[in-house]
Amino acid sequence: MASRAIFVPAALFLLLLFSTTCKAQLSSSFYESTCPNALATIRNSIRAAISRERRMAASLIRLHFHDCFVQGCDASILLNGTSTIRSEMEAGPNRNSARGHQVIDAAKLEVEKICPGVISCADILSIAARDASVAVGGPLWTVKLGRRDSTTANPDKANSDLPSFRDGVDRLISRFADKGLNARDMVALLGSHTIGQAQCVTFRDRIYNNASDIDAGFASTRRRGCPANQGDGNSNLAPLDLVTPNQLDNNYFKNLIQKKGLLESDQVLFSGGSTDSIVSEYSSNPSKFLSDFASAMVKMGDIEPLTGSAGQIRRICSAVN
């Protein structure tokens, strides 16, 4: 009996092939033969930057996060504006707050010296976030590599897709779900707020509203550096975690239980809702938080990567070739 041929429409075949290829091309060994010293070179550059400014660890993790949430992990956030490109740095969540571009540029310069035109800026962002975590006591994870760089940026998508400091828990869950991340991933990733600082404008309303979800002493302490008048001291900084602001640990979750979350979008994670149990778990089990944080960072790094012949390898991270 003759075998029956299975007809697969060309469009579906290409879609399946592209999907399989994307997954196959992201590999921890992607540069082993083309640039074997790439990861060590990037690590040394990132460590040097964080040794100069401890806060940079938080900035690099945030930079990777803000890149991946806008058209995927493609280094679009690093592109400067031109006559044909509107920079994502123009978007509200990034303007005057996204930092670390110069650190990525410096790491790119170092790998270009040893392997010109090989390592993508998108992969450097992913590696830098991992190395930043390790530098401040956080977990180590294996970074999957092989991303290519976008030739476009999308500030409109940055405005619509990036979480806001005013988001409620349901809105946060929805935003992360849109990127393929579940509620546990979300809580673990927001745990990166155990390091870094926030501008007065992002928490002023919270510390002056006398609500029941904020510790009175904590609010009083934060008011000292954040005037009540709108516009005054907007850029004044406060640590997101008062206890260990330069250590990636689980104190963030302990703070939430004590009603000491600095941002509204922090405290809503422990406000009688569906994520309370995860916060409680992480507050009492630091190793579980660190493990889940590492897993969520790997998962986030898988958001819509450009691979194969898509995009390009930018020689300078701030501009298309």
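Tell me, please, whether a residue that is outside any loop (DSSP other than H, G, I, E, B), open to solvent by 30 Å² or more (accessible area, probe 1.4 Å) and either of a type outside the set (Phe, Trp, Tyr) or at pLDDT 95 or above (or both) can be found in the stretch 123-133. Outline the logic, then answer.
Our first condition is that a residue be outside any loop (DSSP other than H, G, I, E, B); within the stretch 123-133, this holds for 123-133.
This time we only want the ones that are open to solvent by 30 Å² or more (accessible area, probe 1.4 Å), so: none.
Checked the stretch 123-133: no residue is outside any loop (DSSP other than H, G, I, E, B), open to solvent by 30 Å² or more (accessible area, probe 1.4 Å) and either of a type outside the set (Phe, Trp, Tyr) or at pLDDT 95 or above (or both).
Looking only at residues that are in a loop (DSSP other than H, G, I, E, B) and of a type in the set (Gly, Ala, Ser) in the stretch 180-232, which one is nearest to ARG99 (Cα to Cα)? Steps first, answer last, please.
Going residue by residue through the stretch 180-232, those that are in a loop (DSSP other than H, G, I, E, B) are 180-182, 195-196, 209-215, 224-232.
Now restrict to residues that are of a type in the set (Gly, Ala, Ser): 180, 196, 211-212, 225, 228, 231.
On the way: GLY180: 25, GLY196: 11, ALA211: 32, SER212: 33, GLY225: 22, ALA228: 26, GLY231: 22 Å.
Among those residues, the one meeting the criterion is GLY196.
Write out, first by first residue and then by second, each pair whose Cβ atoms fall under 7 Å of each other, whose residues are 6+ apart or on separate chains, and whose first residue, in the stretch 169-191, is open to solvent by 40 Å² or more (accessible area, probe 1.4 Å) while the second is modelled with pLDDT of 95 or more.
Listed pairs, sorted by first residue: ILE173/ALA183; ILE173/MET186; GLY180/ILE303; ARG184/ILE278; ARG184/ASP292.
Given (1) part of a helix (DSSP H, G or I); (2) out of contact with any Cys (no Cβ under 9 Å at 6 or more places or on another chain); (3) crowded, with 17+ Cβ neighbours inside 10 Å, where does PRO163 come up short, assuming only one miss?
Of (1) part of a helix (DSSP H, G or I); (2) out of contact with any Cys (no Cβ under 9 Å at 6 or more places or on another chain); (3) crowded, with 17+ Cβ neighbours inside 10 Å, only one is false for PRO163: (1).
Between residues in the stretch 218-235 that are in contact (Cβ under 8 Å) with a residue 24 or more places away in the chain and residues that are open to solvent by less than 50 Å² (accessible area, probe 1.4 Å) and part of a helix (DSSP H, G or I), which pairs lie under 6 Å by C-beta distance while being six or more apart or on different chains?
Listed pairs, sorted by first residue: ARG222/ILE207; CYS226/CYS200; CYS226/ARG204; GLY233/CYS200; ASN234/CYS200.
Out of all the residues in the stretch 284-306, is one or more open to solvent by 30 Å² or more (accessible area, probe 1.4 Å), more than 22 Å from ARG62 (Cα to Cα) and touching a Ser or Thr at 6+ places or on another chain (Cβ under 9 Å)? Show your work before the answer.
Taking the stretch 284-306 and keeping what is open to solvent by 30 Å² or more (accessible area, probe 1.4 Å), we get 284-288, 290-291, 295, 298-299, 302, 304, 306.
This time we only want the ones that are more than 22 Å from ARG62 (Cα to Cα), so: 284-285.
From the residues that got through so far, the ones that are touching a Ser or Thr at 6+ places or on another chain (Cβ under 9 Å) too are none.
No: the stretch 284-306 contains no residue that is open to solvent by 30 Å² or more (accessible area, probe 1.4 Å), more than 22 Å from ARG62 (Cα to Cα) and touching a Ser or Thr at 6+ places or on another chain (Cβ under 9 Å).
The values are calculated or read from the model by the stated rules, or taken from the named source; none is laboratory data. Here the structure is a predicted model, which means the values were calculated and not measured. In this analysis, Cβ positions are derived from the backbone assuming ideal geometry, glycine residues included, and neighbour counts consider all displayed protein chains. Remember, those area values only see protein heavy atoms, side chains included, never the ligands or the DNA or RNA. Shrake-Rupley method; radii C 1.70, N 1.55, O 1.52, S 1.80 Å.
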